[in-house]
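Each remark here refers to the structure printed beneath this line.
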Amino acid sequence: MDLDQLGARRAIEALRSGVPSRDAVRELGSGQNEIEDRFLTLLDGSGTSRRGGERGLLLGGGFGAGKSHVLEHLAHLALERGFVVSRVVISKETPLHDPVKVLKAAVETATLPAGSFGAVAEAAAVLDSGSPAFAELLRWASGSGSPVSERFALSLSLLPYAQENDGDFVEAIVRFWSGDPIGVAELRRQARFAGKGKPALASVPARELARQRSRFLSRLFLAGGYEGWVVLLDEVELIGRYTPLQRGRSYAELSGWLRADPEDPGSPLVPVLAMTDDFDAAVLTAKNDRELVPARLRAKEKSEWDEAATGAEAGMRLIERSMLLLAEPDAAELGRAYDVLKALHGKAFGWLPPDVAGLERLSATRMRQYVRAWINEWDQVRLDPDYLPQTETAEVSPGYAEDVELDG
């Protein structure tokens, strides 16, 4: 099996399983021209002032409509343009309402344009302390008006000294930027060794520190020679199964990802979130979240919950008004996808596939259903040329019943 055939086989097997692999996405593209255009506009404008606007995209589509496929395609576009790209799937282990866990997942999956991982360590390693990029990053992180804790400026200023004298402390700095704690005593000890006196270091809540890390890392990647940081969050609709308080926090986090950061309006961070297109009707309306969730949050009678309520209201408005729906495949797109897959199946298995009927072309049929039907029918005919396959479908939709275990 040559490399072309191996790549074709990988693509077919991924599509058969409904997995948006790199090979499958490269062969099929996305078929979502408006979304691509909007995304590329965001990439071109990353790092420019976006105060008051939105810095990311919220994509909506039905179950099996191809949201994950589109996200993978956007990842390729961003990597080709020199961005660091992270992919995060919202799950029980990575609940959207917990910025600490989401940040850790984003760091762990951060991929460099060359295809390698370890993006934070790589960006730190290539920083030149004598360069204008390093000076600009230090200037941004320093001072009373900085949108991040003084820990970031101090650890950044100590990095060149540590790179020359203490490799273990370099690793500690990188781990701190990536989401691990760093001891105040250790920071002060290293500052004393580097001749920086005894700096004052105020405590920062873990949730706020995670948001500050997102700001800092996007700037770090920029200083390291990359164009910025793209964070793709998939299966966001899982928040519909959280309990009301955690749904509220999740709506607030969604708003924080999508709206321009008032603390750092020039951030080179570009988030894209994907969720089901029926979320408004099935959760916001059916569960009366517009009224129930903010009331439950404000009933806590604490400023942090009042702030979460305001953020939740903003997040729900974004779901109502700013969701960019995946375009349904038209006849031309279906014909193109069919021709591509037919040729791909032939290359993968070394044969000339005949035409197959597949599914009747209806507006309610999802692209994933067409793709799997074509592939399965070619599989059957390849094994028995006289067989006339017929494919039936069964509708599967995600449920939104609350599950306290999903709160994380």
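The values are calculated or read from the model by the stated rules, or taken from the named source; none is laboratory data. Note that the structure is predicted; figures quoted are calculated from it, not measured. As a convention, Cβ positions derive from the backbone with ideal geometry for all residues, glycine included, and neighbour counts pool all protein chains shown.
Structure values in brief
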| item | result |
| --- | --- |
| Any hit, the stretch 338-355, residues being without any contact (Cβ under 8 Å) to a residue 40 or more places away in the chain, in contact with a Phe, Trp or Tyr (Cβ under 6 Å, 6 or more places away or on another chain), closer than 16 Å to Gly64 by Cβ and of a type outside the set (A, V, I, L, M, F, W, C) | no |
| Residue match in the stretch 124-142 (condition: under 14 Å from Ala223 (Cβ atoms), buried (at least 17 other Cβ atoms within 10 Å of the Cβ), in contact with an Asp or Glu (Cβ under 9 Å, 6 or more places away or on another chain) and small (Gly, Ala, Ser)) | yes |
| Selected residue (only one of Glu301, Glu307, Glu328 is surrounded by fewer than 18 Cβ atoms within 10 Å (Cβ to Cβ) and on the phi > 0 side of the Ramachandran plot) | Glu301 |
| Which numbered condition Phe83 fails, given (1) at pLDDT 95 or above; (2) of a type outside the set (A, V, I, L, M); (3) farther than 30 Å from Ile239 by Cβ | (3) |
| Members of the stretch 177-189 that are more than 21 Å from the chain's Cα centre (by Cα), touching a residue at least 24 places away in the same chain (Cβ under 8 Å) and under 18 Å from Ala106 (Cα atoms) | none |
| The stretch 301-320: number of residues that are under 28 Å from His69 (Cβ atoms) and either at pLDDT below 95 or small (Gly, Ala, Ser) (or both) | 1 |
| Selected residue [surrounded by fewer than 19 Cβ atoms within 10 Å (Cβ to Cβ) and among the aliphatic types (A, V, I, L, M)] from Val19, Val88, Val102 | Val19 |
| Helices (runs of 4 or more DSSP H) enclosed by the stretch 107-170 - at least 1 residues per element that are within 22 Å of the chain's Cα centre (by Cα) | 119-126 |
| Residue in the stretch 81-101 that is in a helix (DSSP H, G or I), in the same structural domain as Pro262 (by TED's automatic domain parsing) and either over 24 Å from Arg207 (Cβ atoms) or acidic (Asp, Glu) (or both) present | no |
| Any chance Ser218 is outside any strand (DSSP E or B), over 21 Å from Leu127 (Cα atoms), within 17 Å of the chain's Cα centre (by Cα) and of a type outside the set (D, E, K, R) | no |
| Test: residue in the stretch 233-254 that is among the basic types (Lys, Arg) and surrounded by 23 or more Cβ atoms within 10 Å (Cβ to Cβ) | yes |
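Residues are listed down the side, and each one gets a yes or a no for (1) at pLDDT 95 or above; (2) in contact with a Pro (Cβ under 9 Å, 6 or more places away or on another chain); (3) closer than 19 Å to Trp229 by Cβ:
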| residue | (1), (2), (3) |
| --- | --- |
| Leu156 | yes, no, yes |
| Glu164 | no, no, no |
| Arg189 | no, no, no |
| Pro205 | no, no, no |
| Arg211 | yes, yes, yes |
| Ser214 | yes, yes, yes |
